[in-house]
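See structure below.
Please treat every number below as a calculation from the coordinates, not as lab data. Computed from a prediction, not measured in an experiment: that's the story for all the values here. In this analysis, Cβ positions are derived from the backbone assuming ideal geometry, glycine residues included, and neighbour counts consider all displayed protein chains.
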Amino acid sequence: WCEVLGVEQVGLDDDFFALGGDSLRAAWLFAEIETRLGLDRPVSLLLAVPQLGALAGALQDDATWSGLVAIQPAGAGMPLFVVHDQFGNLFPIRQIVSGLDADQPIFGIQADALSGELADETLHEVAARYVQQVRALAPHGPYQLYGSMIGGLIAFEMALQIEALGETVAFLGVADLSGPVSPPPPAWRRLRHRVGAAVRSGGA
């Protein structure tokens with residue numbers, strides 16, 4: 001940690017991100033963990049346990065890949081499911097977590113490509129797979145979804161599929177669609193139509 005973060009010392013309760021850690025340093029850290037300890041663990045583990053002592057304990061467990069990451073699993077509120085960014089990871093989710101109540105359960109959905117598994121899928125197929133992951137954790141709604149850039153389009157497709165299953169989407173947050181993303185035209189047209197209809201009807 002000292003080497004990666006450029007600090008002189010760390011304690012068991014120190015938070016990786018509070019010490020200046022970011023996604024690049026996290027990737028470096030886990031590359032060193034694999035090289036020095038022979039442990040191949042997903043970088044997203046750091047989001048769930050950013051403290052040194054907690055991470056050390058989690059590294060000892062046999063880790064299997066999961067697209068669904070428990071960022072803040074505790075809480076009595078309705079879970080918020082956040083779709084990965086255009087790079088497939090969840091590190092920007094920390095900005096969202098810091099602005100929400102500690103009682104708000106938050107789960108991230110990361111891209112399977114980060115596990116080394118590559119698949120030629122349409123946005124609709126990706127969304128369907130993510131819906132399965134979400135419903136495995138929460139079989140019934142209402143659901144809360146959020147995503148930015150390509151994650152926003154995926155979240156929108158997920159919302160359509162969830163509604164088609166007869167479930168309720170209580171919240172859908174879509175942001176930064178003007179960013180560097182080239183969405184498939186059908187998904188883009190559906191989103192623009194839905195947003196336009198909501199605005200015309202006075203909805204949100």
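Pop out the Kirkwood hydrodynamic radius of the stretch 1-44 from its pairwise C-alpha distances, inverse of mean 1/r, in Å to one decimal.
Numbers: mean 1/r = 0.0918 Å⁻¹.
Result for the stretch 1-44, one decimal place: 10.9 Å.
What FRET efficiency would be calculated for the residue pair Arg135, Arg36, taking the C-beta separation as r and a Förster radius of 30 Å, to the nearest 0.05?
0.20
The stretch 6-65: which GluC sites (Glu not before Pro) are DSSP loop and have at most 10 other beta-carbon atoms within 10 angstrom?
Glu8
What is the gain in length, in nm to one decimal, between Ala18 and Ser98 on full extension, counting 0.36 nm per residue of separation less the C-alpha to C-alpha distance?
That pair, Ala18 and Ser98, stretches by 27.6 nm at full extension.
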